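The block underneath contains the structure these notes are about, expressed in structure tokens.
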Amino acid sequence: MEQPVQTETWKARSLEELVRMLHQIFAEDKVSVDEVQALMESYESNPEEWLQYAKFDQYRYTRNLVDNGNGKFNLMILCWGEGHGSSIHDHTDSHCFMKILQGNLKETLFEWPEKKGNGEMIKKSERVLRENQCAYINDSIGLHRVENISHTEPAVSLHLYSPPFDTCNTFDQRTGHKHKVTMTFYSQFGERTVC
Amino acid sequence: LPAGLSQWFPALEVLDVSGTGLTEMGTELLSLPCLHTLLAKNNRLGGPGSLPKGLGQAPLARSLRVLNLSGNRFSELPPALLQLRGLRSLSLGGNRLHGIPPDIQELQSLEFLYLGGNFITAIPPELAKLPSLRYLVLCDNKIQSIPPQLAQLHSLRSLSLHNNLLTYLPREILNLVHLDELSLRGNPLVVRFVRDLTYNPPSLQELAGRTVKTRNVPYAPSDLPESLVRYLSLASNCPNPKCGGVYFDSCVRQIKFVDFCGKYRLPLMHYLCSPECSSPFSSASQSSTSQSESDSEDEASVAAHRMQKVLLG
């Protein structure tokens, strides 16, 4: 009797396990985007495991570093209050994975503007990501804006960036003009960063 | 609310009844002397009697600091709410509000006001009389213009205006020195340089008033009827630095673009005393945005660095 061929699907049963498995994956020379996305999606969000990183700010969304992946990636938790959103931004040639841990986030994809950037940026698509879903983007796919469009519920998301980066470009939707910005962490490893 | 709540839990400080299908919050609230946080999101509040009568006389009126009524069915801000003098944080996001009552100024301790996701069309200037307001959210509404008085909110740190119907902002917005965040995306903001030369000729009263002011004609309150004394005090200075003129009601509206952070162009509404008073480069055509940049640079450069983060893009 033939054995059915099965493709292995890893499942992370806790946030700690997810981090460990990510370290293993990124220790290799080659990393599969699909594998990372599937792994992140497999983790069933358990607030008890990440509450210590989920520090909200009244005025804007926060970035809270969870793990720095031995320099290979940054894993962080973003906290979005009601109505909080990001500007349109790129990802500085890195891979970006975004998993919803709580609530919903709307992702709007944009085309790269023309060199001169003299017109309204073109929206490619938009979608609302649900709890535990994991999205992926990189510069060749396009630019995006992420926002919590809920006026009643905060949202929390888990992001993995590889390689890590701390600057990116933000774009003016009306003109396509770009502006380089430096990103900072609101907290690192559960401790509030004082700037 | 369950009857006897205040008897079982007289020391209650935080009450969360979100997502319970409540249609009204009754008199039990009035007997909770220590309550400082009341969360009642995602219910069916909004009809008459949603809030109990006598709220203003209850201990709650002084003790309540945080009230969250987002995700309900309020079509107007319940007047009873305005009696909560100690309120610091109010959220009515995701309701059915069509406006904001001028009496909102009664909530003098308010620091945080969330009104996103309603059907608000206009902002009363009285909103500016809230001296402690730091965070104002008006996104996802139907607002067409911002009253210039809003610049009096000197404590304002964050202003959320995205997804409205704004075509321009009042230039006074530059006076908000502590504003760190301003979101404007999803508004039909004017991109091209626009000159609106609709100009109603000034009245005789206006012309006389202008002369009195610009020539420094001396007058005492006993010389004029009180109404004219008041009228003279309302003179606005023409923002054109090369003109020393004033205007009262008759002015030219002109949209100027002011660069913030060197990258974003915000159309700001300027009021000038006459069409001749337009920018020195009065032959500006539609495409010469650089001209609008240079003559607004001086006034903008001082204020521009204060606006640290413009979430326009």
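Scaling against 2.2 N^0.38 Å puts the C-alpha radius of gyration of the range A:15-187 at 1.01.
Show that you can apply the helix-only estimate: for chain A, add -39,500 (n - 2.57) for every DSSP H stretch of four or more residues, divide by all residues, and state [θ] at 222 nm to the nearest 500.
Numbers: 3 runs with 27 residues, N = 195.
-4000 deg cm²/dmol, from helical runs alone.
The trypsin sites (Lys or Arg not before Pro) of the range A:107-195 meeting both criteria, a DSSP state outside H, G, I, E and B (loop) and at most 12 other C-beta atoms within 10 angstrom of the site's C-beta, are A:K115, A:K116, A:R130.
With each label modelled as a point 7 angstrom along the Cα→C-beta vector, the A:S14-A:D34 pair spans 3.1 nm.
Between helix A:15-27 and chain A, what is the angle of the helix's C-alpha long axis to the longest principal axis, kept within 0 to 90° and rounded to the nearest 10? Once rounded, the angle reads 90 degrees. Each residue of the range B:13-22 is assigned a 3J(HN,Hα), and the resulting list reads 10, 10, 10, 10, 10, 5, x, 10, x, 4 Hz, derived from the Karplus form 6.51 cos²θ - 1.76 cosθ + 1.60 (θ = phi - 60°), x at Gly and Pro. Charge dipole of the range A:15-187 (Cα centre as origin; +1 on each Lys and Arg Cβ, -1 on each Asp and Glu Cβ, all else neutral): 680 debye, rounded to the nearest 20. Modelled spin labels at B:H98 and B:T214, positioned 7 Å past Cα toward Cβ, are 4.4 nm from each other. Applying the criteria of a DSSP loop state and at most 16 other Cβ atoms within 10 Å to the GluC sites (Glu not before Pro) of the range B:1-57 yields B:E13, B:E24. Bridging of A:K124 to aspartates and glutamates at a Cα separation below 13 Å is possible for A:E107, A:E111, once same-chain residues fewer than 8 apart are set aside.
Peptide B:130-140 has a mean shielding of 2, counted as Cβ atoms of other protein chains within 10 Å of each residue's Cβ. Estimated from the Cβ-Cβ distance and a Förster radius of 41 angstrom, the FRET efficiency linking B:F119 and B:A3 is about 0.70. Just want the answer: with Cβ charges of +1 for Lys and Arg and -1 for Asp and Glu, which residue in A:W80, A:S42, A:I122 is farthest toward the dipole's positive end in chain A? Checked the options; the winner is A:I122. The alpha carbons of the range B:1-107 stretch over 39, 28, 20 Å along the principal axes, in descending order.
Computed over protein heavy atoms with a 1.4 Å probe, the carbon and sulfur contribution to the accessible area of the range A:15-187 reaches 46%. Chain B and chain A together bury an accessible surface of about 2200 square angstrom, both sides counted, with a 1.4 Å probe and no ligands or nucleic acids included.
Between B:E13 and B:N175, the simple spin-label model (points 7 angstrom out along Cα→Cβ) gives 4.0 nm.
Using C-alpha pairs under 8 Å with a sequence gap of at least 6, the mean separation divided by the residue count of chain A gives a relative contact order of 26 percent. If amide H atoms are built 1.01 Å from N in the plane of the peptide, which residues on other chains or at least 5 residues away come under 5 Å of the amide H of B:V246? Residues meeting the amide H criterion: B:C238.
If the limit is 28 Å between Cα atoms, which of A:K115/B:K242; A:K55/B:K129; A:K55/B:K41; A:K11/A:K178; A:K11/A:K72; A:K123/B:K142 go over it? Over 28 Å Cα-Cα: A:K115/B:K242; A:K55/B:K129; A:K11/A:K178.
Starting from one equal scatterer on each C-alpha and no solvent at all, send me the Debye-based log10 I(q)/I(0) for the range B:5-194 at q = 0.10 Å⁻¹, two decimals. Per q value, in the given order, log10 I(q)/I(0) is -0.42.
The values are calculated or read from the model by the stated rules, or taken from the named source; none is laboratory data. Worth saying up front: this structure is predicted, and the values here are computed from it rather than measured. Virtual Cβ from ideal backbone geometry, glycine too; neighbours counted across all protein chains shown. Ligands, DNA and RNA are excluded from the accessible area calculation, which covers all protein heavy atoms including side chains. Shrake-Rupley method; radii C 1.70, N 1.55, O 1.52, S 1.80 Å.
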